[in-house]
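Shown next, in structure tokens, is the structure this report addresses.
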Amino acid sequence: MSLVINSVRRDPGGFLTVSGQIKNTGSQSYKDTVAWRGIELKGTGESVAGATLVDKAGKKRYYVLRDTESRCLCTTGVSSVDPGQVVPFFAQFPAPPTSTSEVEFSLPTFATATVKISG
């Protein structure tokens, strides 16, 4: 499995959106997506809500935002990834201060990556 981050953008209204792709580079279906959802509330299904951002300079961790019904503002419905399949994903977070130019992005089962913020 590989994860590629395509963009990390500040959005109007104080949000930060991370988008990218998850690709199965193996020869078998990947079905261990439960870890990606983090501590999702029961019944909300598969998602990438377990993603986090860390602002090391500001010493703060950010979690995926939720709507008024506690659903994540992120990609949902990923229960498996077939061989060769590419799954686009996004996750919205509260935006760190404008003085923060990079953060660490983590999604369970993948290595943590330092990414630059644009916008």
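The values are calculated or read from the model by the stated rules, or taken from the named source; none is laboratory data. Keep in mind it's a predicted model, so treat the numbers as computed, not measured. Here Cβ is always computed from backbone atoms with ideal geometry, including for glycine, and neighbour counts include all displayed protein chains. Ligands, DNA and RNA are stripped out before the accessible areas are found, and what is left, the full protein with its side chains, is counted by its heavy atoms. Shrake-Rupley method; radii C 1.70, N 1.55, O 1.52, S 1.80 Å.
The heavy atoms of SER79 present about 60 square angstrom of accessible area, all protein chains included, probe 1.4 Å. Run the Debye formula on the Cα coordinates of segment 30-119, all scatterers equal and no solvent, and tell me log10 I(q)/I(0) at q = 0.18 1/Å. Each listed q maps to, in turn, -0.83.
Shown for the chain: lysine pairs separated by 8 or more places, or found on different chains, whose C-alpha atoms are under 23 Å apart, numbering 6. Per-residue surface analysis assigns ASP67 an accessible area of about 50 Å², computed on protein heavy atoms at 1.4 Å probe radius. For segment 62-104, the gyration tensor built on C-alpha atoms gives an oblate shape. Its axis ratio a/c (a ≥ b ≥ c) is at least 1.5, and a/b is not larger than b/c.
Put a dot 7 Å past the Cα of ILE39, heading toward its Cβ, do the same for SER118, and the two dots end up 3.3 nm apart.
Charged side chains reduced to their Cβ positions (Lys and Arg at +1, Asp and Glu at -1) give the chain a dipole of some 260 debye around its Cα centre. Average accessible surface for the chain: 56 Å² per residue, computed with a 1.4 Å probe over protein heavy atoms with every protein chain in place. The distance linking segment 46-70 with segment 71-115 is 9 Å (Cα centroid to Cα centroid, whole angstrom).
Taking only protein heavy atoms and a 1.4 Å probe, the accessible area of the chain is 51% carbon and sulfur. The length gained by stretching the chain between LYS59 and ASP11 to full extension, at 0.36 nm per residue less their Cα-Cα distance, is 15.1 nm.
Take every Cα pair under 8 Å in segment 57-102 that's 6+ residues apart, average their separations, divide by the length, and report that relative contact order as a whole percent. It rounds to 44 percent for segment 57-102. Normalising the average separation of contacting C-alpha pairs (under 8 angstrom, six or more residues apart) by the number of residues puts the relative contact order of the chain at 32 percent. Largest to smallest in accessible area, the residues SER80, SER99 fall in the order SER99, SER80 (1.4 Å probe, all protein chains included).
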